[in-house]
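Trainee: Here it is, the structure in full.
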Amino acid sequence: MRKNIVAGNWKMNKNLQEGVELAKELNEALKGKTINCDVVIGTPFIHLAAVANNVDSNLVGVAAQNCANKASGAYTGEVSAEMVASTGAKYVILGHSERRAYYHETAEILKEKVGLALANGLTPIFCIGEVLEERESEKHFDVVKSQIVDSLFELSAEDFGKIVLAYEPVWAIGTGKTASSDQAQEMHAFIRKTLVEKYGNEVADNTSILYGGSANADNAIELFSNPDVDGGLIGGASLSVDKFMPVIEAF
C-alpha cells in the first residue's frame with residue numbers, strides 16, 4: 001500500500017536556531033497523536049544534521065531540498081547525496097520548479113541526481129508540473145509526462161518503487177492560487193496511468209503522488225480526499241506548527 005505523506009518544504013527560510021526550534025515544536029506536537037500520514041520536513045542544508053538530531057525519526061522524516069549531480073570532487077558550494085545521507089536525512093526533494101527555473105536543472109541533470117540519491121539510500125521526492133502558459137495552451141499533460149519519462153523511466157521497477165512524486169502546478173506555487181480538487185485529481189490520475197503504462201499496476205498503485213501548490217489548512221481535506229492524491233508538498237504553511245498541523249491532520 002502506498003503511503004500518505006505530508007512534506008514541508010521550508011525553502012530558504014529560518015536560520016539554524018529558528019529551524020531547530022520549529023522542528024522541536026513540530027516533534028512535540030506530533031507526540032501521542034494518531035497521525036494517518038508520514039510527516040517530512042525539507043530544511044536548508046545547514047539545518048539537516050541539527051534537525052535530524054532533535055526529532056524522533058519515527059515522527060518526523062528529514063529531507064534535503066536538493067543534492068548535487070556529482071558524487072564528490074572539486075565542486076565548490078555543492079552538497080552530495082552521500083553528505084545528505086550522513087546527516088541522518090532520509091529524503092531529498094529533487095526537480096522543484098524553482099530549481100528548474102532559476103538554476104536551469106535539465107532532465108539529464110535530474111536523472112543523475114536521482115541515481116545518486118537512490119545509491120545513497122535516500123528517498124527522492126521528485127517534483128513535476130507545468131507553468132501557466134503550458135496549462136492554458138493545454139500542454140500540461142505532455143509537459144508532466146515528459147518530465148517523468150525523461151528523468152525517471154530508465155530506472156528499474158524496483159528503483160522506481162523508491163520514488164515519491166510531487167505534482168506542483170507552477171502557476172499555483174506561492175501565488176495563493178490552487179488547482180481545484182478536480183484539476184488535482186485529473187492530473188494525479190493521469191500520472192498514475194502513465195506509470196501503469198511503463199511499470200504496471202503494482203508499481204503505479206504503490207507510488208505516492210503528492211500535491212503541491214498553495215496547499216494549506218483550508219483546502220487540504222478536499223484535496224486529500226481525492227483517490228489519487230496521497231498527500232502534499234507544503235511550502236509557506238509548513239513554516240509554523242500552527243499552520244502545518246491542520247494539514248497533517250487533514251488525513
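Trainee: Could you tell me how many of the residues in the range 1-17 are aliphatic (A, V, I, L, M) and over 21 Å from the mean Cα position of the chain (by Cα)?
Mentor: Of the residues in that region, 1 qualify.
Trainee: Ok, one more. Looking at the range 124-145, which of its residues are buried (at least 20 other Cβ atoms within 10 Å of the Cβ) and not in a helix (DSSP H, G or I)?
Mentor: Within the range 124-145, Pro124, Ile125, Phe126, Cys127, Ile128, Gly129, Glu130 meet the criteria.
Trainee: Same structure, new question: For Gly174, state whether it is surrounded by fewer than 16 Cβ atoms within 10 Å (Cβ to Cβ), more than 27 Å from Gly115 (Cβ to Cβ) and under 16 Å from the mean Cα position of the chain (by Cα).
Mentor: yes
Trainee: May I pose another question? Go through the range 73-121 residue by residue and tally those that are not basic (Lys, Arg) and not in a loop (DSSP other than H, G, I, E, B).
Mentor: Qualifying residue count, the range 73-121: 25.
Trainee: Further question: Among what's in the range 27-54 and is touching a strand residue (DSSP E or B) at 6+ places or on another chain (Cβ under 6 Å) and of a type in the set (Val, Ile, Thr), pick the residue that is farthest from Val84 (Cα to Cα).
Mentor: Val39
Trainee: Quick check on the range 18-35. Is at least one of its residues at negative phi, within 12 Å of the chain's Cα centre (by Cα) and in contact (Cβ under 8 Å) with a residue 24 or more places away in the chain?
Mentor: No, the conditions are met nowhere in the range 18-35.
Trainee: Name the residue that is surrounded by the most Cβ atoms within 10 Å (Cβ to Cβ), counting only residues in the range 211-231 that are touching a Cys at 6+ places or on another chain (Cβ under 9 Å), modelled with pLDDT of 95 or more and not in a helix (DSSP H, G or I).
Mentor: That would be Gly231.
Trainee: Right, here's the next one. With (1) of a type in the set (A, V, I, L, M); (2) more than 21 Å from Ala101 (Cα to Cα); (3) modelled with pLDDT under 95 as the list, and Leu195 as the residue in question, which single condition is left unmet?
Mentor: (3)
Trainee: Looking at the range 45-68 only, could you name the residues that are closer than 20 Å to Gly235 by Cβ, among the aliphatic types (A, V, I, L, M) and in contact with a Phe, Trp or Tyr (Cβ under 8 Å, 6 or more places away or on another chain)?
Mentor: Of everything in the range 45-68, those that are closer than 20 Å to Gly235 by Cβ, among the aliphatic types (A, V, I, L, M) and in contact with a Phe, Trp or Tyr (Cβ under 8 Å, 6 or more places away or on another chain) turn out to be Val62, Ala63, Ala64.
Trainee: How many residues are under 15 Å from the mean Cα position of the chain (by Cα) and closer than 16 Å to Ala23 by Cα when one looks only at the range 221-242?
Mentor: The number of residues fulfilling the criteria is 5.
Trainee: Give the residue that is nearest to Val6 (Cα to Cα), with candidates limited to residues of the range 130-171 that are within 20 Å of the chain's Cα centre (by Cα), aliphatic (A, V, I, L, M) and modelled with pLDDT under 95.
Mentor: Val170
Trainee: Can you name the condition, by its number, that Met245 falls short on among (1) under 15 Å from the mean Cα position of the chain (by Cα); (2) assigned to a helix (DSSP H, G or I); (3) within 19 Å of Val39 (Cβ to Cβ)?
Mentor: Result: Met245 passes all but (1).
The values are calculated or read from the model by the stated rules, or taken from the named source; none is laboratory data. Bear in mind the structure is a predicted one, so any value in this text is a computation, not a measurement. Note that we place each Cβ from the backbone using ideal geometry, even for glycine, and neighbour counts take in every protein chain shown.
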